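Novice: Below you'll find the structure I mean.
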Amino acid sequence: MPILKEGELDFISTSAEQTQRLGARLGALLQPGDVVCLSGEMGAGKTVFASGVGAGWGAREPMASPTYTIVHEHRRDTDSNRLAHLDCYRLNSAEDVESIGFDDLLEGGAALLIEWPEKIEGALPVERLWVRLRTVSEVHRSVHFTPVGERYVQMVEQYRQSVTGA
Ligand SMILES: Nc1ncnc2c1ncn2[C@@H]1O[C@H](COP(=O)(O)OP(=O)(O)OP(=O)(O)O)[C@@H](O)[C@H]1O
Ligand SMILES: [Mg+2]
């Protein structure tokens, strides 16, 4: 029996900088319409990872925490693609999900990076990349990737090659 399911990937990050760089390698792979869910308890490093995703994708503005506006849409200079960064911490109901126009976001062609995705679990597409951060020690974080769907299995394989050089 394998320890990891097929397509899964697991790292231990030893610093915030390393977590940021792990995010950046993922950001470089994002295509329009991709959905990345970023889960983990408070302080696990979701926003650190997300800032890396933004940098790797090429966002003009730094990916700060969007907490108060819930959704921040980012642009880059290389093309007209968009990256929407969501922090769903404050959302609790289906009406809340509607209030942020989540379905329009899903259909709008932006890549989505969603912090606290479990808050909108029922509204998430079945096919997505799930990234789970866990605090292991003061400076160690486990970073676990679970792809659902062919697109994301392929993304994780590309990502594994990018990160490990294998
Ligand atoms: N290996 C590591 N990876 C990421 N962050 C780390 C690591 N080691 C220490 N840290 C620290 O942990 C904190 C992570 O904070 P961050 O804001 O990213 O968490 P979060 O998951 O977004 O929390 P919240 O849900 O409260 O927004 C930062 O202060 C960061 O410097
Ligand atoms: Mg955060």
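Novice: Taking strands (runs of 3 or more DSSP E) that do not extend beyond the range 1-79, which have at least 2 residues that are more than 16 Å from ligand 2 (Cβ to nearest atom)?
Specialist: So the answer is 9-13, 71-75.
Novice: Can you name the residue in the range 104-123 that is farther than 8 Å from Leu86 by Cβ and touching a helix residue (DSSP H, G or I) at 6+ places or on another chain (Cβ under 6 Å) and, of all such residues, is farthest from ligand 1 (Cβ to nearest atom)?
Specialist: Selected residue: Ala123.
Novice: Let me ask something else about it. Name the residue that is nearest to ligand 2 (Cβ to nearest atom), counting only residues in the range 108-126 that are among the acidic types (Asp, Glu) and in contact (Cβ under 8 Å) with a residue 24 or more places away in the chain.
Specialist: Pass one, the range 108-126, residues among the acidic types (Asp, Glu): 115, 118, 121.
Then keep just the ones that are in contact (Cβ under 8 Å) with a residue 24 or more places away in the chain; that gives 115, 118.
Numbers: Glu115: 6, Glu118: 14 Å.
Here the residue is Glu115.
Novice: Is there a residue in the range 118-128 that is under 16 Å from Leu29 (Cβ atoms) and surrounded by fewer than 21 Cβ atoms within 10 Å (Cβ to Cβ)? Explain how you work it out, then say what you get.
Specialist: If we filter the range 118-128 for residues that are under 16 Å from Leu29 (Cβ atoms), which is where we start, we get 127-128.
Filter again for surrounded by fewer than 21 Cβ atoms within 10 Å (Cβ to Cβ), leaving 127-128.
Within the range 118-128 (the criterion being under 16 Å from Leu29 (Cβ atoms) and surrounded by fewer than 21 Cβ atoms within 10 Å (Cβ to Cβ)), the answer is yes, since at least one residue qualifies.
Novice: Check Arg132 against each of (1) part of a strand (DSSP E or B); (2) out of contact with any Ser or Thr (no Cβ under 9 Å at 6 or more places or on another chain) and name the one condition it does not meet.
Specialist: Unmet condition: (2).
Novice: Given the conditions (1) in a strand (DSSP E or B); (2) in contact with a Lys or Arg (Cβ under 6 Å, 6 or more places away or on another chain), which single one is not true for His85?
Specialist: Of the numbered conditions (1) in a strand (DSSP E or B); (2) in contact with a Lys or Arg (Cβ under 6 Å, 6 or more places away or on another chain), the odd one out for His85 is (2).
Novice: Only one of Val143, Val163, Val139, Val71 is among the β-branched types (Val, Ile, Thr), closer than 25 Å to Phe11 by Cα and in contact with a strand residue (DSSP E or B) (Cβ under 7 Å, 6 or more places away or on another chain); which? Let's see the steps before the verdict.
Specialist: Details: Val163 fails: in contact with a strand residue (DSSP E or B) (Cβ under 7 Å, 6 or more places away or on another chain); Val139 fails: in contact with a strand residue (DSSP E or B) (Cβ under 7 Å, 6 or more places away or on another chain); Val71 fails: closer than 25 Å to Phe11 by Cα.
None of the other options fit; the residue is Val143.
Novice: Then there's this: Might you check whether a residue that is surrounded by 21 or more Cβ atoms within 10 Å (Cβ to Cβ), touching a residue at least 24 places away in the same chain (Cβ under 8 Å) and more than 14 Å from the chain's Cα centre (by Cα) occurs anywhere in the range 87-107? Talk me through it step by step, then tell me what you get.
Specialist: From the range 87-107, those surrounded by 21 or more Cβ atoms within 10 Å (Cβ to Cβ) are 87-88, 102; that's our starting set.
If we keep only those that are touching a residue at least 24 places away in the same chain (Cβ under 8 Å) too, we end up with 87-88.
With more than 14 Å from the chain's Cα centre (by Cα) added as a condition, the list becomes none.
For the range 87-107, residues surrounded by 21 or more Cβ atoms within 10 Å (Cβ to Cβ), touching a residue at least 24 places away in the same chain (Cβ under 8 Å) and more than 14 Å from the chain's Cα centre (by Cα): absent.
Novice: Going through Leu22, Leu9, Leu38, Leu4 one at a time, which residue ends up being under 18 Å from Ser142 (Cβ atoms) and free of Cβ contacts under 8 Å to residues at least 12 places away in the same chain?
Specialist: Answer to the check: Leu4.
Novice: Output yes when any residue across the range 88-100 is within 24 Å of Gln18 (Cβ to Cβ) and in contact with a Lys or Arg (Cβ under 8 Å, 6 or more places away or on another chain), and no when none is. Let's see the steps before the verdict.
Specialist: Looking only at the range 88-100, we keep the residues that are within 24 Å of Gln18 (Cβ to Cβ), and these are none.
No, that holds for no residue.
We did not get these values from a lab; they are worked out from the coordinates using the rules stated. In this text, all values refer to a predicted model and were calculated from it rather than measured experimentally. Neighbour counts are summed over all protein chains in view; Cβ atoms, including those assigned to glycine, are modelled from backbone coordinates with ideal geometry.
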